[in-house]
Amino acid sequence: MQSTGSKTAGTTQLTYVFDAYCGWCFGFGPALTEFVRQNADSINLSVVSGGLFTGDRVAPMSSAPYLKSANATIAAQTGAAFGDGYSQLVSDGRFVMDSTDAAIGLAALRTQDPTRALDIAGAMQTAFYRDGRSLSDPETYRAIAKSLGLDPSAAVSSLFTTDSKDAARADFVRARRLGAISFPTLLFHGSDGSVVKFGFPTSTAADLTRDLKTCVRAYAVA
């Protein structure tokens, strides 16, 4: 699925700011993926890591007792299915979610095929929220690369390199500049420089298409 790439005349430019350790992003992912599929000929989507658990927020799951109730709400409102592997991590409480490592992982895989950034983001969230796999573990990215038809060895060798770390930091900076302070955030870019948030974590693909058309009518397409 083409999700990001060079700017093409006649396409609407969108940015998706997410965090691989964001449960609401996990719930939102299928609707966004379907929306992108349905509108593939008219949109160009960039995927950016926002940085949810960084700095002082990097801590064991036991420090976030709200997770179980939050996950129940996400499941009820989006249909997301949290797997046994993830549920075991929550119950154990020792696992540490580090969004910087996840952002580095996205950046490393994204270099292999930028047009599949949304697929990569979805695979990362599946690895964590269904299988309970750490997004700090190189072997997780080896498995993801293999599942997506990317180069597993290149995925591992490009992790935690200067280029990947710089790309992750650049994502965080871009997210802040765009005003994305919660996740998921989906943004429409107008030709006049306007940046407009649209959609909600519980939006369906149809909702997103409707909201996109509203933005296109209100702003010139970039």
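The values are calculated or read from the model by the stated rules, or taken from the named source; none is laboratory data. Everything numeric in this text was worked out from a predicted model, so none of it was measured. We place every Cβ from the backbone using ideal geometry, glycine too, and count neighbours over all the protein chains shown. Keep in mind that these areas ignore ligands, DNA and RNA; they rest on the heavy atoms of the full protein, side chains included. Shrake-Rupley method; radii C 1.70, N 1.55, O 1.52, S 1.80 Å.
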Per-region count, region 136-153, residues small (Gly, Ala, Ser) and farther than 13 Å from residue 106 by Cα = 4
When you go through (1) open to solvent by 50 Å² or more (accessible area, probe 1.4 Å); (2) within 24 Å of residue 180 (Cα to Cα); (3) part of a loop (DSSP other than H, G, I, E, B) one by one for residue 135, which number turns out not to apply?
-> (1)
Lone qualifier among 92, 137, 151, 101 - being charged (D, E, K, R), over 24 Å from residue 204 (Cα atoms) and touching a Leu at 6+ places or on another chain (Cβ under 7 Å) | 101
Note: among 115, 162, just one is at pLDDT 95 or above and under 23 Å from residue 36 (Cα atoms), namely 115
Region 53-67, residues that are within 19 Å of the chain's Cα centre (by Cα) and under 8 Å from residue 97 (Cβ atoms) = 53, 58
Report, ordered by the first and then the second residue, all pairs with beta carbons closer than 7 Å, sequence separation of six or more or different chains, a first member in region 199-221 that is closer than 12 Å to residue 43 by Cβ, and a second member that is of a type in the set (S, T, N, Q) and open to solvent by 70 Å² or more (accessible area, probe 1.4 Å).
-> 209/38; 221/191
Whichever residue in region 182-222 is of a type in the set (A, V, I, L, M, F, W, C) and open to solvent by 40 Å² or more (accessible area, probe 1.4 Å) and, among such residues, is farthest from residue 110 (Cα to Cα) = 218
Pairs only if they're at least six apart or on different chains, beta carbon under 7 angstrom, first in region 96-124 and over 15 Å from residue 151 (Cα atoms), second assigned to a strand (DSSP E or B) and of a type in the set (A, V, I, L, M, F, W, C); list them, first residue then second.
-> 118/45; 118/47; 121/18; 121/47
For helices (runs of 4 or more DSSP H) lying entirely in region 138-181, having 2 or more residues that are open to solvent by less than 40 Å² (accessible area, probe 1.4 Å) and under 16 Å from residue 54 (Cβ atoms) picks out 162-177
